[in-house]
1. Roughly how many nanometres apart are two label points built 7 Å out from the Cα toward the Cβ at Val57 and Leu164?
2. If R0 is 25 Å, what FRET efficiency do you get for Val176 and Ile71 from their C-beta distance, rounded to 0.05?
3. Treat the stretch 46-191 as a sphere of radius equal to its Kirkwood radius over Cα pairs and apply Stokes-Einstein at 20 °C in a medium of 1.002 mPa s; give the translational diffusion coefficient in µm²/s, rounded to a whole number.
4. Set the bar at 23 Å for Cα to Cα. Now go through Lys49/Lys186; Lys66/Lys144; Lys66/Lys162 and name every pair that lies beyond it.
5. Taking 35 Å as R0, compute the FRET efficiency from the Cβ-Cβ separation of Lys155 and Ile50 and round it to 0.05.
Amino acid sequence: MIKKLVIAGLILVGGYTLVALAGGPFKYARTWLAAKMQSAEDQVPLDLKIQHARDEVEKLGPDVRKCMHVIAQQQVDVEHFQAQIARRSSKLVTDEAEILKLRDDLKRGDTSYVYAGNTYSSSEVRSDLRLRFGRYKTAQESLKRDRQIVAARRKVLIANEKRLDEMLAARKQLEVKIEQLEARWKTLQAAQTTSELEFDDSQLSRTKTLIRQLSKELDVRDKMLSADGKLSGLIPVESSKPAKINTVDITDEVDTFFKTDKKTTNATTVATK
């Protein structure tokens, strides 16, 4: 897919260049080609673009390592230069002390002087003092220039170290932004997948219907069992209340009925007469 996109991009770029050079009636074609190029760019998957951005950040690695190498060399050079300056400064202190000693000796006005077991005339000492003093001034000027050079190198080193820190911070910031973009993309993908999810509830509906039918069938069977118990003529032992038994004699019921009815009849006859 990437190869196809690259080929399509090259074709579009070449066509756009030719049309741009042609001008005139092809001005609308330039707009069309620009729209096609934008369309091809829009068709590139977002995760591929994020990976491309990550690869671009990785390409900063060689530049960072090159800068680190240059800074390491500069640090070593400055350290060595400073060590040399320290040694030369120490030697100048010794040379100054020797020059001042010869000067003080000559001021005494002696005709000869003894140094390290050797005797020197005043003219020899004066000539040696002049030579030492000239070398001292030359060494002092050279040391001054070298100190300026090392100061300039240190300034460049500090600037490069700052630049390296900025590069590392910028690279880290880009890495963080890419991670944030990837996290946002995954969140959007998850939301899109959830929104596009179509749940088939036909099986659920069929299962609910089956359960209702089974419940109805069990209710019917329960009713039938109850009816079978009534038709058998047996005493429903499971009933919590005992059945009422009529203890009144049937003859007493008949006498009571007709006795009451006879009194009523006689009373009606007397009234009629």
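Throughout, read-outs are computed from the coordinates displayed, never taken from laboratory work. Quick caveat, the model's predicted, so the values are computed rather than measured. FYI the Cβ positions are ideal-geometry reconstructions off the backbone, even for glycines, and counts take in every protein chain you see.
1. Calculated label separation equals 2.2 nm.
2. Values: r = 24 Å, r/R0 = 0.97.
Calculated transfer efficiency: 0.55.
3. On the way: Rh = 21.0 Å.
D, rounded to a whole number, is 102 µm²/s.
4. Numbers: Lys49/Lys186 14 Å; Lys66/Lys144 32 Å; Lys66/Lys162 15 Å.
As for pairs spanning more than 23 Å Cα to Cα, those are Lys66/Lys144.
5. Numbers: r = 41 Å, r/R0 = 1.16.
Here the calculated transfer efficiency is 0.30.
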